[in-house]
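Reviewing the structure listed below.
The values are calculated or read from the model by the stated rules, or taken from the named source; none is laboratory data. A quick note: this is a predicted structure, and the numbers were derived from the prediction, not measured. Counting neighbours? That spans all protein chains shown, and the Cβs are built from the backbone with ideal geometry, glycine included.
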Amino acid sequence: MTATDPRRVVEAVWRIESARIIAGLARIVHDVGLAEELAQDTFVIALEQWPVTGVPDHPGSWLMATAKHRAVDVLRRQRRYGQKLAEIGRATPDAEDPDIAAELDDYVGDDLLRLIFTTCHPVLSAESRAALTLRLLGGLTTDEIARAYLVPEPTVGQRITRAKRTLADKEVAIELPPPAEAADRLASVLEVIYLIFNEGYAATAGDDWMRPSLCEEALRLGRILATLAPQEPEVHGLVALMELQASRTPARTGPDGAPILLQEQNRRRWDRLLIRRGLEALARAEGTFGPYVLQASIAACHARATRPEETDWKRIAALYEVLAHVSPSPVVDLNRAVAVGNAYGPARGLEIVDRLVLPSYALVPAVRGDLLAKLGRTAEARNEFERAAVMTRNARQRSLFEARAAALECGAQRSELEINP
């Protein structure tokens, strides 16, 4: 295959244009599943025609125009069917045929925003929201989503099918939520995008420490949302957080794929472009104190420190204190313990960890082990890392915890764990 192979061009354009096309169709046909089918039909037509006729000068426009014609045909067939039923019932419809083509020309930004709020609707489970969002907005295949989350392909297919059915059964309108619901619905959208990013940044299971493709998709979705909702500080906060965390990716693993902890990373390998973009996004949300803005501010403290010893841990601890009030959770408190341990000593951090109740979260014994090691309580620390190794489902993380336990056996120490952000 060459770089100009029509099939590859179609696949590349699908990844770029599919969300825009599905969004435009969904608003008109009022059915996410039907909109996806029509979009897929359009790409099949492209696969058949482009190798013969050549790739159009403007492939995205060609696909959108073809998709519109498909939608018009479907809606006209549906209308004719309705008219037949009306005639059988001796009723004559008074309404004129709508100008379907004109309706399809609505501004695409509104369409995309509607689709984002639909795929992330709270009536769906978190897993279904993530799968449907990646399918319709990320352009990923069912197989790609399954491989990313390390679950069987049929499981992902069932989640997507179930999500579409739920949206239809619940008669969820493909529209922007009313003002009274907007904040809660936006929170759901941001949660889904960040869940996707976090699964890529720190995989919960499997052999890989990271899955960068998921981070890239989440970043792409976040940037789209920031363009569509520029007035929302938390959207910019989430984008800033993801940009700043993603900037560390080149330095987070060694040549063999083994994890490299935050304090041991070569910060010259951090992506300065992503850091600049992250700080710019954070500046757009300046003066607000939502959970994503606060987490981005914490990540910015790390990004601004050219050396680990320059990290402003007291500011990070203070930001976590505010975050614990704004968005309380045991995971936030665990992160706060790490920051407090660095800012005010490991004993203070250990006090926070010992109050936590997170029985199945491997990072709790890992953080506790790190703090105990700094206090010189080596045997206890080793036991904690061994316990963490048993609890985790990620092979790379397990190897890391086992190495920490072995190092303590030999009397060596390493820097603290990397905890997001």
Check on ARG393, surrounded by fewer than 15 Cβ atoms within 10 Å (Cβ to Cβ) and touching a residue at least 40 places away in the same chain (Cβ under 8 Å): yes
Residue within segment 396-403 that is small (Gly, Ala, Ser) and modelled with pLDDT of 95 or more present: no
Checking LEU334 against (1) crowded, with 22+ Cβ neighbours inside 10 Å; (2) in contact with a Lys or Arg (Cβ under 9 Å, 6 or more places away or on another chain), the condition it does not meet: (2)
Any pair with Cβ under 7 angstrom, 6 or more apart, that starts in segment 128-142 at a residue that is at positive phi and ends at one that is surrounded by 24 or more Cβ atoms within 10 Å (Cβ to Cβ): GLY139/ALA19
Any chance GLU409 is more than 19 Å from ASP333 (Cα to Cα), surrounded by 15 or more Cβ atoms within 10 Å (Cβ to Cβ) and in contact (Cβ under 8 Å) with a residue 12 or more places away in the chain: no
Residue under evaluation SER297, criteria (1) in contact (Cβ under 8 Å) with a residue 24 or more places away in the chain; (2) in contact with a Leu (Cβ under 8 Å, 6 or more places away or on another chain), criterion not met: (1)
The one condition in (1) among the aliphatic types (A, V, I, L, M); (2) free of Cβ contacts under 8 Å to residues at least 60 places away in the same chain; (3) touching a Gly at 6+ places or on another chain (Cβ under 7 Å) that ALA240 fails to fulfil: (2)
Top-ranked residue of segment 216-237 - restricted to ones that are under 17 Å from the mean Cα position of the chain (by Cα), free of Cβ contacts under 8 Å to residues at least 40 places away in the same chain and surrounded by fewer than 21 Cβ atoms within 10 Å (Cβ to Cβ), ranked as farthest from ARG269 (Cα to Cα): ARG223
Failed item in (1) more than 25 Å from the chain's Cα centre (by Cα); (2) of a type in the set (A, V, I, L, M); (3) part of a helix (DSSP H, G or I), with ILE16 passing the rest: (1)
Number of positions in segment 111-159 that are surrounded by 23 or more Cβ atoms within 10 Å (Cβ to Cβ), among the aliphatic types (A, V, I, L, M) and in a loop (DSSP other than H, G, I, E, B): 2
Search result, residues across segment 160-174 that are more than 30 Å from ASN394 (Cα to Cα), surrounded by 16 or more Cβ atoms within 10 Å (Cβ to Cβ) and among the aliphatic types (A, V, I, L, M): LEU167, VAL172, ILE174
Any pair with Cβ under 8 angstrom, 6 or more apart, that starts in segment 45-61 at a residue that is farther than 16 Å from ILE16 by Cα and ends at one that is of a type in the set (Ser, Thr, Tyr) and surrounded by 13 or more Cβ atoms within 10 Å (Cβ to Cβ): ILE45/THR66
Cβ pairs under 6 Å, 6+ apart, first in segment 253-266 and at negative phi, second buried (at least 17 other Cβ atoms within 10 Å of the Cβ) and basic (Lys, Arg): PRO259/ARG396; ILE260/ARG252
The lone exception for GLU191 - which of (1) assigned to a helix (DSSP H, G or I); (2) free of Cβ contacts under 8 Å to residues at least 40 places away in the same chain; (3) among the acidic types (Asp, Glu) it fails: (2)
Filter pass, ALA318 being hydrophobic (A, V, I, L, M, F, W, C), surrounded by fewer than 18 Cβ atoms within 10 Å (Cβ to Cβ), modelled with pLDDT of 95 or more and out of contact with any helix residue (DSSP H, G or I) (no Cβ under 7 Å at 6 or more places or on another chain): yes
